[in-house]
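Asker: Once you've had a glance at the structure underneath, I'll fire off some questions.
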Amino acid sequence: MLPQFHKLPLSANSSFLFMCWECTHFDKPWHFHKEYELVLIDKNEGTRFIGDHVSNFKDGDLVLIGPNIPHLYRNSEPYYNNNGLIAKSIFTHFTDDFLGKSFFDLPEMKLVRRLLDRSSLGFEILGKANQYVRQKLVKMQGEPPTERLLILLDILVFLSKRKDLNFILSSGFTAKKSYDTDRINIALHFILENYTTEIYIEEIATKLNMTGASFSRYFKHHTRKTFSNYVTEIRIAHACRLLMEDNYNISEICYLSGFDSLTNYYRHFKKQVGVIPKEYKSRFLSNSLMR
């Protein structure tokens with residue numbers, strides 16, 4: 001299977017891609033590309049999968065992803081029910097040499113070079129840095145190509161000096177330049193459709209004409225996590241969203257997220273999030289009231 005690169009075509013008067021995307025839901029599968037990607041979630045929510053990381057996303061989510069890092073944004077269920085919701089994002093793709101092969105090796109670009117190198121683990125852009133870059137990306141929508149280029153350079157220089165950037169991927173993650181995207185997409189979408197119920201690894205393996213053992217090795221090779229750990233992370237991400245929405249009690253959320261017992265739910269939640277569900281919910285609600 002040839003690697004499935006995703007690359008949107010450049011316009012004739014631009015050296016990098018800038019795009020504002022509106023749709024009923026994000027439909028790109030698990031994919032990767034050779035470009036860096038700076039992506040802002042303007043209006044949307046769901047679960048994001050970047051390399052070996054799983055987490056929720058919502059309005060204002062902003063990340064910088066390095067080349068060849070596989071990723072997938074999956075909307076929450078209301079976006080698939082034809083109820084008029086619109087998913088919006090603003091993103092830019094650029095290559096390492098879009099300004100020339102040695103541009104980022106210039107002395108003046110030393111910090112930007114370091115930023116781009118470190119993006120091999122992906123960055124979540126937070127705090128004041130998030131506010132600044134969001135404003136710049138929104139401004140780029142109404143600017144001609146030359147001004148867009150200057151704004152992109154301004155963003156990269158700005159980010160290269162910031163500390164409010166969090167690595168997304170584990171330190172041992174290494175982006176690969178080829179992925180069997182068809183089979184991993186089938187596996188991921190099966191998980192996303194069924195994680196609220198008991199999932200049997202043999203069922204997915206059968207869909208892919210693999211044995212359970214070979215699928216386990218295959219899945220860990222592509223995600224750097226065991227199948228059970230990956231499913232647990234998705235369930236915890238779903239539980240966190242339900243806790244923030246505050247429409248269900250903690251016990252109900254346990255079973256709505258696919259856990260078979262409160263004991264397992266609490267144990268995995270504390271291990272992944274650092275606090276028990278009740279404390280997580282309390283912290284979120286108290287922070288919301290302070291805004």
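Asker: Out of the stretch 25-44, which residues are over 20 Å from L156 (Cα atoms), charged (D, E, K, R) and in contact with a His (Cβ under 9 Å, 6 or more places away or on another chain)?
Answerer: Passing the criteria: only K28.
Asker: Which pairs have Cβ atoms under 7 Å, sit 6 or more apart or on different chains, and link a residue in the stretch 98-111 that is over 17 Å from K34 (Cα atoms) to one that is polar (S, T, N, Q)?
Answerer: Hits for this filter: L111/S160.
Asker: If you don't mind, another one. Can you name the helices (runs of 4 or more DSSP H) wholly within the stretch 69-177 that have at least 1 residues being touching a Lys or Arg at 6+ places or on another chain (Cβ under 7 Å), within 22 Å of K43 (Cβ to Cβ) and in the same structural domain as H238 (by TED's automatic domain parsing)?
Answerer: Answer list for the stretch 69-177: none.
Asker: Next question. Given the conditions (1) modelled with pLDDT of 90 or more; (2) not in a loop (DSSP other than H, G, I, E, B), report the number of the one that V54 does not fulfil.
Answerer: The failed condition is (1).
Asker: Based on this model, can you work out whether D164 counts as more than 23 Å from D61 (Cα to Cα), more than 17 Å from the chain's Cα centre (by Cα) and among the charged types (D, E, K, R)?
Answerer: No.
Asker: Please verify whether K88 is under 25 Å from T223 (Cα atoms) and modelled with pLDDT under 95, treating the condition exactly as stated.
Answerer: Judged against the criteria, K88 is not a match.
Asker: Just need a number here: residues in the stretch 124-163 that are farther than 19 Å from F18 by Cβ, surrounded by 13 or more Cβ atoms within 10 Å (Cβ to Cβ) and touching a helix residue (DSSP H, G or I) at 6+ places or on another chain (Cβ under 8 Å).
Answerer: Total meeting the criteria: 3.
Asker: List the pairs whose first member sits in the stretch 200-229 and is within 30 Å of L121 (Cβ to Cβ), whose second member is among the acidic types (D, E), and whose Cβ atoms are under 6 Å apart, counting only residues at least 6 apart or on separate chains?
Answerer: Qualifying pairs under 6 Å: T223/D52; R224/D52; K225/D52.
The values are calculated or read from the model by the stated rules, or taken from the named source; none is laboratory data. Just so it is clear, the structure is predicted and the values come from calculations on it, not from any experiment. Here the Cβ is made from the backbone with ideal geometry for all residues, glycine too, and neighbour counts use every protein chain on show.
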